[in-house]
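Data first, discussion second: the structure below is written as structure tokens.
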Amino acid sequence: FGYCCVYLIIEGENLSHQLGYYPMFKSWGKAEFMSLSALIFLPSCLLRNLSWLSYFSALGVFSSLCLLVGLVATGLIEDVPPNPDFCTPPACTGSLLVPSATDPIHMGHTLEMLGLIMVGFAGHAVF
């Protein structure tokens, strides 16, 4: 039960970050986004035939492949401008072909990195 609550909190946070900029969702708080994520995910728990979950799994694999293709394509293009809300050039300009200068190890963010990796792979046993 605790994992389900944490999952809904995480998905509500993700939805608030992704949809919060649209005018329809500007007045929504975190509780409304958590309720929306529950309305999206909980019906999959009520399926009588669990083989239908394989379609959702295939959709997840297809989405991951599309994300990988988009990431590699964006990395290969050298003229993608950086988002000024997050960084200012030349600190964040670069691509896979011409990478920007960076430090190889950031030990101060190790725990945050491990937490993000564990959350990302906790529910992806299908891979």
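Some notes on this structure:
- Computed over protein heavy atoms with a 1.4 Å probe, the accessible surface of the chain works out to 84 Å² per residue.
- About the Cα centre, charge dipole magnitude for the chain (Lys/Arg +1, Asp/Glu -1 at Cβ), debye: 480
- Restricting the calculation to alpha carbons of the chain gives Rg and Dmax of 18.5, 55 angstrom.
- Sparsely packed chymotrypsin sites (Phe, Trp or Tyr not before Pro) within the range 1-105, loop by DSSP, other Cβ within 10 Å at most 14: PHE1, TYR21, PHE86
- Near-label residues of the range 5-44 by backbone N, under 15 Å of a point 7 Å along Cα→Cβ of TRP52: 40-44
- For the chain, CYS4, CYS5, CYS45, CYS66 stand unpaired, since no other cysteine beta carbon lies under 4.7 Å from theirs.
- Karplus-derived 3J(HN,Hα) values for the range 33-42, using 6.51 cos²θ - 1.76 cosθ + 1.60 with θ = phi - 60°, are 5, 5, 5, 5, 5, 5, 5, 7, 8, 5 Hz; glycine and proline are entered as x.
- Computed over protein heavy atoms with a 1.4 Å probe, the carbon and sulfur contribution to the accessible area of the chain reaches 72%.
The values are calculated or read from the model by the stated rules, or taken from the named source; none is laboratory data. On a predicted model such as this, the values are computed, not experimentally measured, just so you know. Please note: Cβ atoms are built from the backbone with ideal geometry, for glycine as well, and neighbour counts cover all protein chains shown. Each accessible area value is taken on the protein alone, full model and side chains, heavy atoms only, with ligands, DNA and RNA left out. Shrake-Rupley method; radii C 1.70, N 1.55, O 1.52, S 1.80 Å.
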